[in-house]
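Asker: The structure follows.
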Amino acid sequence: MTMKTIKKYIAFLMLATLMAVSCDKDNGSSTKEDPTFPQLVENYNVTPGETLTVTFTPNYDWTISIPTELRQWFWIQDGSFVVSELSGKASGEPVEVKIGVSETQEFDKNFSCDVTLTMDGKSEVIAKFMLPAKERTLEVTSEQLQSDVIALVWSADDAEFRALVQVTSNTEWTIETPEWLDVNVPETTVGVVDLVFTGESLDAQTGTVVFKSSDEVLKEVKFSVPSCKEFDIYTAKISDGEFEYADGGYAWHEESASEITMVWLGADFRMPVNIDSKCNWTVELPEWLQVELPDVTAGVVSTTLLGVPSKYPLTDTDGKIVFKYGDTVIKEVTVHMPGCQDIMSFAVSMSLAELEYNYIGEVNTSTGYISNLATATLSGVKSVRVFAVETTGGKVGVENPEWFTYEISIWDPSTTAPVMQERTITFSVAENTGDVRSAVFFALPPTVTASVSELFNADATVKAEYAKYALKVSQASMNYDDYISCNINPSAEFAYTFEKADAQKAQQLAAALGATDHVYTLTYTSPYCRDDAYMTMPIPYSSFKVFSSDDLATDKSGVADFWLSFVEAGESKNYGVVDMYSNEMPLPEEPTVGYVVFYNSEGGVLAIVECISPVKEEEELPEIPEGAFEDEDGDTVENAEIYFVDKNAAASAKATLVRVLETTDKNTKEEMSEGAIVLKLTVPADTPVEIALSEACKYYQMPYALSSYISVNGEAYSETMGMLDTAITTASISMTAHDPIKNTKDFVKFHTSMSETYPFMVVYIRLR
């Protein structure tokens, strides 16, 4: 088509249009206006909780709407109402409609909303909005984060390598860790979660911890742990055959041990150890060693290595203590176990140092002769040698003489029984109708291989090196030389003598009290001699009587207030003690003489004991120093200002101080006799005066009724009751004026400790 033809075609169209318009006008008709829709608005990342605005100018009545099923996520705001549809009138002015958006998102799900405008029967989507799926977030923080690595550090309190980590997340998560790393994750992980990571490894390790939500990796964090190979074992210190103690426990060597020696201290083989490690370990021990361990061995473990009694080696033996981490050895220590064959203990019952029998076979004890069998306890290995050897007449005789027998309990041969066992030995003797006889019982460890003859000196006494294994045995004859033997205590304070009477006195007393060859004289220097002067008889007496020297016919044994009596010890009637002027009877100026006579069942006299009493000691009057004087109480006193800490201050306070030298007060006199310094302080009311104490004081006392009036160093006596945490050497004393309290004196008594009955200083107080 040529350009000329085109121009003709356009002109034709324009003419046709004008004609059509002209025809319409001629017919009275016009063209209808279409609804005007705004340009499409699109937002595919709306903010939760946001309010969106849709603007349009409606040329027709209108209705705007959103899908009803989206009301949870999107809505139209109609004033205070929320709707899914809103209508209005045509307007020449722009109309704004508010679209609300939910504050809530969901993971893995987008919510899209089309906003539709309808006018004049026509509808168009004028806005497209989308609330996107919620993004999963996770943050990890830790003070131990360094250079993008969280380093586990050793905690002595928790005995483990650990790291404290805080995880903040808006979603539930799981965790993947290296095998050397542990952590306890709570059931609910959303929000803020505090975690404790722990771990241990023989070699230093670095690994990655992965935080995930389903299959999505939220975070990867590196963790590290140092090597836990560090391991030290410390043994307890020993001195003087005992373990040392410090701060309420064992005292430990400062150097880590490479060798350990087990110690026998009387009951078992043991060695306390203090093990310091940074990993959980196990231990392998020799069969003769055992130890009790906690479930968790990391950190400091204090325990005791113990020998296994059924596995004790007889001779010195070495072994290895192997500490392991898993299957890896981290420490080996050599352990020395002494042989036990030389260890033996032998103890006779009733603390008897020897076995002394009377002729009928009763054994002499601290309470006299008794018919019970003497026993001993023997602890040692099976091969301990036990036997007796006759030594009558000072000659080494046969082994195991017939008159002296012993029985030893059987040995437990089971494999689980101790290598060292405790057995009981029972001793007995036959009645002796002949002369005095003796023997020695031996309990020898296996390493003592001496023959019988090698155990004795030429005079049949046991050689010194074997004395600790020997028990002397003797039995008296029924034909005794002395009926009474008396325990002699060499105490100078309460000295007494017991001896045979001379021939003349013996003859006189036998003629007066009954025929006997056994007459003795017992002399006391104090009534307290009775505490030691126990007498023993080889055969029991049937009865006894007590006589006064001026009345040999009247038995005084039943007279309660008589100065002389015999006290039987037990029911054996062969053991007892003489009592003279007991129960605080006043002592005589001159010795009093009386007699205790022992009888057999036929009424014959077995023995006579002449008893000479102690006498009253002459009272030594103390020397009264120059300057002493008698005070208003009648006490002899002297100036004692030397005990003022500050004499000038005491003088300014108008305080005076004297020391009591003599007094008639019974209690004060007793305290002074026990060494107490007794002072009298005169001081104005409520005026403290400081006094130097003669000793360090840990406890003071005063009448409780005066606790609100008397003060020592400003303390409330009612609260402390005089018990001091720290010892004092000076005391600031003051007293408030008060009415006299019946039967109560104003004083403070100072003691070195609560266990001391008597004070070392007493201060009586009176107000000026």
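Readers should treat all values here as calculations from the given coordinates under stated rules, not as data from a laboratory. Predicted model only: the values in this text are computed from it and were never measured. Here the Cβ is made from the backbone with ideal geometry for all residues, glycine too, and neighbour counts use every protein chain on show.
Asker: With r as the distance between the Cβ atoms of THR433 and ASP481 and R0 = 22 Å, compute the FRET efficiency 1/(1 + (r/R0)^6) and round to 0.05.
Answerer: 0.85
Asker: Of the listed pairs LYS237/LYS472; LYS222/LYS320; LYS311/LYS395; LYS472/LYS545; LYS556/LYS616; LYS669/LYS742, which have alpha-carbon separations greater than 32 Å here?
Answerer: LYS237/LYS472; LYS222/LYS320; LYS311/LYS395; LYS472/LYS545
Asker: Give me a comma-separated list of calculated 3J(HN,Hα) values for the stretch 469-486, in order, Karplus coefficients 6.51, -1.76, 1.60 applied at θ = phi - 60°, integers in Hz, x for any Gly or Pro.
Answerer: Those phi angles translate into 9, 10, 10, 6, 10, 9, 9, 6, 8, 5, 9, 7, 7, 10, 6, 10, 10, 10 Hz.
Asker: Sticking with this structure for a sec: If I model a spin label at THR317 and LYS134 as a point 7 Å from the Cα along the Cα→Cβ vector, what separation in nanometres do I get?
Answerer: 6.9 nm
Asker: Hey, for a label at VAL398 modelled as a point 7 Å past Cα toward Cβ, could you say which residues of the stretch 436-469 have their backbone N under 19 Å away?
Answerer: 436-442, 452-453
Asker: Placing unit charges on C-beta atoms (Lys and Arg positive, Asp and Glu negative, everything else neutral), compute the dipole magnitude of the stretch 136-220 about its Cα centre in debye, rounded to 20.
Answerer: 240 debye
Asker: While we're on this one: How much length, in nm to one decimal, is gained on full extension between ALA560 and THR377, taken as 0.36 nm per residue of separation minus their Cα-Cα distance?
Answerer: Residue separation times 0.36 nm, minus the Cα-Cα distance, leaves 61.5 nm.
Asker: Another question, then. Looking at THR31, ALA464, VAL386, which one has the Cα that reaches farthest to the positive end of the dipole of the chain (charges on Cβ: Lys, Arg +1; Asp, Glu -1)?
Answerer: THR31
Asker: Same structure again: Straight distance only, please: which lysines reach the Cα of LYS219 with their own Cα at less than 27 Å, same-chain residues fewer than 8 apart left out?
Answerer: Answer for LYS219, where 27 Å is the Cα cut-off: LYS109, LYS134, listed by chain and number.
Asker: For the chain, what is the charge dipole size about the Cα centre, in debye to the nearest 20, if Lys and Arg each add +1 at the Cβ and Asp and Glu each add -1 at the Cβ? Intermediate values should be presented prior to the final figure.
Answerer: Values: 52 positive and 118 negative charges, 644 e Å.
It works out to roughly 3100 debye.
Asker: Out of PRO588, THR405, LEU285, whose Cα points farthest toward the positive end of the dipole of the chain (charges: +1 Lys, Arg; -1 Asp, Glu; placed on Cβ)?
Answerer: Value computed over the given set: LEU285.
Asker: In nm, what is the difference between 0.36 nm times the number of residues separating THR282 and ALA737 and their Cα-Cα distance?
Answerer: 156.4 nm
Asker: Just name one of VAL396, HIS751, VAL440: the one whose Cα is farthest towards the positive end of the charge dipole of the chain (beta-carbon charges, Lys/Arg +1, Asp/Glu -1).
Answerer: HIS751
Asker: Report ³J(HN,Hα) in whole Hz for each residue of the stretch 502-508, in order, from the Karplus equation J = 6.51 cos²θ - 1.76 cosθ + 1.60 where θ = phi - 60°; Gly and Pro get x.
Answerer: 5, 4, 5, 5, 4, 5, 4
Asker: Any idea how far apart GLU695 and THR720 come out in nm if each label point goes 7 Å out from Cα toward Cβ?
Answerer: According to this spin-label approximation, the distance is 1.9 nm.
Asker: For LYS505 and ALA450 in one chain, what is 0.36 nm times their gap in residues minus the Cα-Cα distance, to one decimal in nm?
Answerer: Using 0.36 nm per residue and subtracting the Cα-Cα distance, I get 14.5 nm.
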